[in-house]
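Worksheet for the structure shown next.
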């Protein structure tokens, strides 16, 4: 028997919950999805000459979110945003999302007149799904002592055109979308609030940084733009922090990089450290040929040139930070599990 | 910052672990996979006129497996088998697997001279992956107080040909592959062992039932056979138990079903109750036109006719069990979460 149970139980909760999710998910349009929730698998239909980009991201209570810090709709939004951001980094068009949820049973039940945690989670999840035409096509549900959410995104890209991490060449310029460190500044605020220390101020910048942490915006439109115009030689998304993600880029492309600290688009509420090492901004970092003509903004999101790809060095660290005081190696110091 | 951490940490464990997984995964051939572990997404390339089947299954310690009952390689095997079985039920050819793992840090570390739990998990996972030409194409890793594994399988089917749950018609005959209840009998054995009660005997049947629980065999070859020969009008896999899975079939096809208890291929170590309601056999249940000629076995696995599809009734339960004592409604009594 599937779940370590030796005596059969009458059926109630899970099917009712699945039906509720299926009904709510049905409201997002399903272009590339031929069959959604309800069978053994969903069926996804790319166009001719397209291939499929697939990514998974695991979110765990106490690690990626805290039930006492994050509202359920922010957890739902962030869960989906992580996956969409990976598609954006490939220049992929979202086709379908799959969600595996493990939840303590109290999060699946309404609290008196209040909707259940899972319904508010779905509010955040499905609002973002609708914004990016991403139907919820399937997933799994299980009771769990710890809340966990694994998100799977399937997207489509023209064959052979996906933006990869491995295409950066010495001489290419390095760009980022939007601002850096906002999400980290927002998280620091949540931490202060939890420790009941006085907030710095109720400024617009701080509110914006909190929004960037709670409701990050995946750069789907910007990724599609870069792919269609053939502008980027390599791309990835900023999830672990600029220093760590630049190290991934260098390692996959076999290059080094020199970053000009003065040109970093630091979020007004963030410190330089947060901009360099804070994760979860979900901006895109990409490289382009030095003669490529990049717009100043794509769909309202600013594009900043922050440095240049250089030949691979023998040094342990491939990232150099240029400051007014001279140049220094920049060690990857973003997040890593099991460290 | 991604993981609720306010101060950057130096990098060590996760990248080393990822490299180890990537190296081990590289040994499985990658036909339909154009890009595997290492970028923001993997790239999967179906053939022309194919669509993609996608499924996810969440396994949680204490729910779907127990660290004190199941060896790590059995947990790895079972994790992948669940996903492959969903592909089998659609008649899909596996293209790629994605694995999200949340693990307590001690399971990621070697125990003295012993390999780490995660390496033994990968032994079981990758052995089954190799058997079914299923490359591990990506996933996610996180530290977690509770061990969780979410498996994603992507497979290919000729467009419009997938075996669905919704095609059964009154008059169709109902078939199952293999034997029923073996996995439930195996689980009951593990439970007895844990409670230190004396095992019934060390018979071959009991050993086989234990193997069916610990190392279930997904019916990929049988699903592909049914699809290619156009034999099945509907299909699904037996994961939650015959009674519950038959109810899914009835509900999706809008029909009822009459099962002949005398024709059920009950595993020699199993009881009738285990055959009717025990889950995790991962056999296929499918329907076929009454004139369709089914072989007695497909690739060595017996095929048994166990009943017939009937028109939908007004009754709450759509399943009738025919026994020597007469006919009776069969309530779905397999596993359900949040019940």
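The values are calculated or read from the model by the stated rules, or taken from the named source; none is laboratory data. Note that this is a predicted model, so its numbers are computed, not measured. FYI the Cβ positions are ideal-geometry reconstructions off the backbone, even for glycines, and counts take in every protein chain you see.
When the range A:157-181 is filtered for residues that are at the interface with chain B (Cβ under 10 Å from one of its Cβ atoms) and part of a strand (DSSP E or B), only A:157 remains. If only residues of the range A:275-314 that are assigned to a loop (DSSP other than H, G, I, E, B) and free of Cβ contacts under 8 Å to residues at least 40 places away in the same chain are counted, the one that is surrounded by the fewest Cβ atoms within 10 Å (Cβ to Cβ) is A:314.
Of the residues B:126, B:153, B:122, which is crowded, with 24+ Cβ neighbours inside 10 Å, in the same structural domain as residue B:94 (by TED's automatic domain parsing), in contact with a helix residue (DSSP H, G or I) (Cβ under 7 Å, 6 or more places away or on another chain) and outside any loop (DSSP other than H, G, I, E, B)? Show your work before the answer.
On the way: B:126 fails: crowded, with 24+ Cβ neighbours inside 10 Å; B:122 fails: crowded, with 24+ Cβ neighbours inside 10 Å.
The unique qualifying residue is B:153.
At least 3 residues that are at pLDDT below 95 in each: list the helices (runs of 4 or more DSSP H) lying fully within the range A:195-256 that qualify. Can you show your working first?
Numbers: elements: A:204-214, A:220-228, A:242-253.
The qualifying helices (runs of 4 or more DSSP H) are A:204-214, A:242-253.
When residue A:72 is tested against (1) modelled with pLDDT under 95; (2) farther than 30 Å from residue A:232 by Cβ, exactly one condition is not met: (1).
Scanning the range A:64-98 for residues that are in contact with a strand residue (DSSP E or B) (Cβ under 8 Å, 6 or more places away or on another chain) and farther than 28 Å from residue A:286 by Cα returns a single hit, A:67.
Out of curiosity, is residue B:184 outside any strand (DSSP E or B), over 18 Å from residue B:300 (Cα atoms) and under 18 Å from the mean Cα position of the chain (by Cα)? Before you say what the answer is, go through the steps one by one.
On the way: outside any strand (DSSP E or B): yes; over 18 Å from residue B:300 (Cα atoms): yes; under 18 Å from the mean Cα position of the chain (by Cα): yes.
Yes: the conditions hold for residue B:184.
If the condition is being in contact with a strand residue (DSSP E or B) (Cβ under 8 Å, 6 or more places away or on another chain) and not in a strand (DSSP E or B), then the range B:317-330 contributes B:317, B:318, B:330.
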